[in-house]
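Written below as structure tokens is the structure these notes are about.
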Amino acid sequence: MKKKKVLLTLAVLSACTAPFGAAAEETADPDHIFMLDPMVVTASRYDKKDLDVAATTSVYSHKQLEGTGATTVEGALRYATGIVYKSETIGSTGGEFLIRGKRRGTLVMVDGVPLNFRTGYYNLDNISLNDVERVEVVRGGGAVLYGSDTTGGVINIITKDKKRNQVTASFGNFGRQKHSATIQAGKLGLGFAYERQGSKYKITLPSTASNIYSSKYFNFHGGNKEIVSASYKFDDAWKFTADYSKHKYHRSYNYAYKDADAIYDYRDIDNDEYKFVLNFNKAGWKANAFYHRYKNNTDYTYWEYESWPSANLIGQLDRIYRSDYTDKVIGFDLQKEWDLKKNRVLAGFNIYRESYENNEKDKPSWNSKTGRFKSYGAPAHKEYARNVSSVFASLEHEFNNRHSATISARETWTSGSPDGTEFNEFTPQIQYVYKMNENTSAYASVSKSFTLPTMADMYGKASTLANSGIRPEIGWHYEAGIKHISGGHQWKFAFFKSRVKDFIRLQTVGDESIAMNEDTKNMGVELSCDIAGKNGWSGNWGVSLGNPKFYDARYPEDGWQRSYGRVQLTGGIAYQKDKWNASLNGSFLYDRVLESYQEKVQPLFMTGFHASYKPETNHEIYLNVDNLLNRKDIISHVSSRYLALPTNFEIGYRYTF
């Protein structure tokens with residue numbers, strides 16, 4: 001029965017592309033939703049056509065991203081082939097993209113500048129689609145070119161040189177509002193976006209706990225987000241961008257099995273993020289100077305009851321527990337490219353200093369037997385910093401018009417760590433491309449990845465314990481594939497295999513967590529097709545089969561255990577002609593487990609519909625609908641059980657001037 005459901009879902013997604021057929025025409029129109037054989041910069045750090053790249057790559061245009069109905073990059077990439085989306089509560093931060101079964105293995109960049117720092121995570125929900133030209137995704141380990149945090153792949157968000165002059169306003173159910181404005185005045189571009197989300201109760205299933213009365217679930221009590229962006233294009237070589245986002249939201253943690261509804265804590269969460277980048281690009285030289293700061297403040301108000309089973313309230317604790325942390329990174333990246341007829345040479349270096357500060361005050365502790373309050377913890381302060389440096393180089397040699405090979409290498413090292421614990425690693429890569437003809441190529445790649453432990457892994461933060469013995473991740477990645485363009489279709493097939501030693505994962509220890517090393521492996525295949533149709537139609541579909549697993553040396557009797565899902569199907573269909581624009585997208589993840597418990601869960605089926613109508617050139621009315629089937633799927637993959645938001649919609653208006 002389950003196999004029939006998978007086959008039926010594949011049939012539906014494949015049927016979405018049926019209107020295109022073999023007669024569909026190829027297009028190079030940049031305003032078209034899909035482009036075949038686009039130029040890609042991320043995979044090799046310089047421009048190359050997709051057919052000439054020895055990696056599985058995807059390029060998503062602004063129109064394609066906008067067609068998902070999302071307003072941020074996080075929402076738009078949910079339907080991408082080979083990417084598993086992990087989300088937490090509505091209206092809050094916490095979304096992740098897992099590529100080829102690697103959590104904390106996706107490097108996210110904006111215009112080539114990494115967003116991952118200290119935690120290994122990022123927040124794509126703070127990047128407005130109004131500022132995005134396109135997004136490039138490279139699947140597979142790519143540490144040679146970009147350093148740490150690339151055991152799964154790379155997402156590079158490329159911003160617009162000029163903003164569109166427009167204002168938008170939309171409203172929807174669940175108290176949702178989304179408004180934005182962008183303007184370009186000569187060389188200066190400015191943007192502002194505001195979002196508001198209403199309350200939604202029981203956004204998670206009850207947590208798993210040894211004591212049933214300590215099992216809890218989350219309620220979401222609303223929040224809002226503001227994003228401000230600015231860019232200045234000095235000339236063809238120099239560009240400056242500045243971004244600020246502020247996100248405030250509220251949620252409560254509630255007991256699931258007391259005699260009556262009872263709150264455990266109420267959380268006021270406030271996030272601020274700043275990014276500044278100065279970019280230079282001319283005559284083969286590329287350079288970025290950047291500064292990135294992220295600050296989180298969380299205030300916890302706690303309730304106390306007579307006992308674990310009882311809902312009889314004694315009262316609120318007289319102190320508010322505050323936890324705040326600040327991450328900062330400042331750095332510089334420089335590279336030079338030489339095009340020497342049959343050889344293409346790239347060399348460069350980067351250096352950045354990352355710092356982290358964490359403060360805690362009045363953290364309560366509880367009696368594990370009675371559930372009653374015991375005492376407040378002493379104030380805690382942690383502050384750390386270190387330098388991360390690397391040099392890299394690559395040589396691409398074209399033997400003839402059919403055969404080419406690329407050899408790359410990188411050396412990465414740390415310095416200035418607080419306790420003198422330093423790391424260094426050499427990572428090589430070999431790639432080969434065989435151009436069968438103008439429309440078909442085959443490739444193979446072997447690479448080594450290297451991921452540093454974050455300072456939080458080593459020295460701890462808030463509820464995360466320190467682990468001075470944590471080791472870096474070191475992995476090997478193998479991939480071979482074929483790319484083919486025919487009749488308006490671009491086909492991509494890839495076989496991949498990876499094994500990472502000492503992969504870093506947070507393990508739960510009571511009410512706290514600690515970063516531990518374990519081994520991971522995955523092997524699978526990916527098949528995708530992008531279709532640039534005629535008469536306004538276009539589409540895509542993809543199939544990913546894998547078997548991600550992990551091995552915890554502390555529990556050898558458990559052997560290799562499963563992660564995430566084994567089968568993913570994605571598909572989309574779009575229509576764009578005259579005054580109408582519409583798209584339907586879906587992502588189906590099958591044969592899933594919650595990693596921490598090895599518990600099987602139902603498939604995750606995300607769906608989205610977008611439609612817009614332009615009564616006049618400058619006026620547009622649009623409708624976005626998510627979760628069309630109103631499914632109650634678990635949208636997280638490790639231990640928590642966050643639930644998909646029921647069918648939700650928004651109706652909006654856009655004016656362009």
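The values are calculated or read from the model by the stated rules, or taken from the named source; none is laboratory data. Just so it is clear, the structure is predicted and the values come from calculations on it, not from any experiment. When we count neighbours, we look across all protein chains shown, and the Cβ atoms used for this are built from the backbone with ideal geometry, even at glycine. Heads up: the accessible areas ignore ligands, DNA and RNA and are worked out on the full protein's heavy atoms, side chains in. Shrake-Rupley method; radii C 1.70, N 1.55, O 1.52, S 1.80 Å.
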- Residue check, residue 17 at pLDDT below 85, open to solvent by 10 Å² or more (accessible area, probe 1.4 Å) and among the polar types (S, T, N, Q): yes
- Message: Please go through region 617-640 and give me each residue that is more than 19 Å from the chain's Cα centre (by Cα) and either assigned to a loop (DSSP other than H, G, I, E, B) or among the hydroxyl-bearing types (Ser, Thr, Tyr) (or both), ordered by number.
- Response: 617, 618, 622, 627, 628, 629, 630, 631, 632, 633
- Query: Any idea which of 590, 575 is closer than 30 Å to residue 483 by Cα, in contact with a Pro (Cβ under 6 Å, 6 or more places away or on another chain) and of a type outside the set (Lys, Arg)?
  - Reply: 590
- Residue check: is residue 220 open to solvent by 40 Å² or more (accessible area, probe 1.4 Å) and either more than 22 Å from residue 78 (Cβ to Cβ) or in contact (Cβ under 8 Å) with a residue 60 or more places away in the chain (or both)? no
- Query: Taking region 83-103 as the search range and keeping residues that are open to solvent by 10 Å² or more (accessible area, probe 1.4 Å) and at pLDDT 75 or above, which one is nearest to the chain's Cα centre (by Cα)?
  - Reply: 85
- Among the numbered conditions (1) open to solvent by less than 20 Å² (accessible area, probe 1.4 Å); (2) farther than 22 Å from residue 350 by Cβ; (3) touching a Lys or Arg at 6+ places or on another chain (Cβ under 9 Å), tell me where residue 262 comes up short. (3)
- Task: Give the residues of region 403-422 that are closer than 28 Å to residue 470 by Cα and of a type in the set (A, V, I, L, M, F, W, C), sorted by residue number.
- Result: 409, 413
- Message: Looking only at strands (runs of 3 or more DSSP E) that lie completely in region 380-486, which have at least 3 residues being within 28 Å of the chain's Cα centre (by Cα) and within 21 Å of residue 58 (Cβ to Cβ)?
- Response: 440-451, 473-486
- residue 521: passes all of (1) under 26 Å from residue 568 (Cβ atoms); (2) among the basic types (Lys, Arg); (3) not in a strand (DSSP E or B) but (3)
- Under 7 Å between Cβ atoms, at least 6 apart or on separate chains: pull out the pairs that start in region 112-137 with a residue that is open to solvent by less than 20 Å² (accessible area, probe 1.4 Å) and in a loop (DSSP other than H, G, I, E, B) and end on any residue that is modelled with pLDDT of 80 or more and hydroxyl-bearing (Ser, Thr, Tyr). 118/356; 118/454; 120/454
- Considering only region 405-422, state which residues are of a type outside the set (A, V, I, L, M) and open to solvent by 30 Å² or more (accessible area, probe 1.4 Å). 411, 413, 415, 416, 418, 419, 420, 421, 422
- Which residues, counting only those in region 601-615, are farther than 21 Å from residue 569 by Cβ and open to solvent by 40 Å² or more (accessible area, probe 1.4 Å)? 613, 614, 615
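Quick grid of which residues meet (1) more than 30 Å from residue 500 (Cα to Cα); (2) within 23 Å of the chain's Cα centre (by Cα); (3) in a strand (DSSP E or B); (4) modelled with pLDDT under 90:
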| residue | (1), (2), (3), (4) |
| --- | --- |
| 145 | no, yes, no, yes |
| 150 | no, yes, no, yes |
| 155 | no, yes, yes, yes |
| 164 | yes, no, no, no |
| 167 | yes, no, yes, no |
| 171 | yes, no, yes, no |
| 175 | yes, no, no, no |
| 180 | yes, yes, yes, no |
| 184 | yes, no, yes, no |
- Do the conditions hold for residue 340, that is, is it at pLDDT below 95 and of a type in the set (A, V, I, L, M)? yes
- Just to be sure, is residue 505 outside any helix (DSSP H, G or I), closer than 27 Å to residue 552 by Cβ, modelled with pLDDT of 90 or more and not polar (S, T, N, Q)? no
- Query: If we only count strands (runs of 3 or more DSSP E) wholly inside region 260-340, which ones have 2 or more residues that are closer than 30 Å to residue 226 by Cβ?
  - Reply: 262-282, 285-305, 321-340
- Test result for residue 199, among the polar types (S, T, N, Q) and modelled with pLDDT of 95 or more: no
- Task: Look through region 357-379, keep the residues that are open to solvent by less than 40 Å² (accessible area, probe 1.4 Å) and not in a strand (DSSP E or B), and return whichever of them is farthest from residue 148 (Cα to Cα).
- Result: 371
- For residue 239, work out the one condition from (1) modelled with pLDDT of 95 or more; (2) surrounded by fewer than 19 Cβ atoms within 10 Å (Cβ to Cβ) it doesn't fulfil. (2)
- Could you tell me whether residue 68 is farther than 30 Å from residue 445 by Cα, modelled with pLDDT of 55 or more and of a type outside the set (Lys, Arg)? yes
- Residue by residue through region 385-404, note down the ones that are open to solvent by 50 Å² or more (accessible area, probe 1.4 Å) and farther than 18 Å from residue 146 by Cα. 397, 398, 399, 400, 401, 402, 403
- Considering residues that are among the acidic types (Asp, Glu) and open to solvent by 40 Å² or more (accessible area, probe 1.4 Å), the number found within region 316-336 is 1
- Task: Could you tell me which residue of region 518-540 is farthest from the chain's Cα centre (by Cα), considering only residues that are over 17 Å from residue 476 (Cα atoms) and hydroxyl-bearing (Ser, Thr, Tyr)?
- Result: 538
- Task: Evaluate region 573-580: report whether one residue or more is within 24 Å of residue 635 (Cβ to Cβ) and aliphatic (A, V, I, L, M).
- Result: yes
- Task: Tell me, yes or no, whether region 500-516 has at least one residue that is open to solvent by 70 Å² or more (accessible area, probe 1.4 Å), closer than 30 Å to residue 216 by Cα, touching a residue at least 24 places away in the same chain (Cβ under 8 Å) and touching a Phe, Trp or Tyr at 6+ places or on another chain (Cβ under 7 Å).
- Result: no
- Only one of these is more than 30 Å from residue 215 (Cα to Cα) and aromatic (Phe, Trp, Tyr): 503, 496. Name it. 496
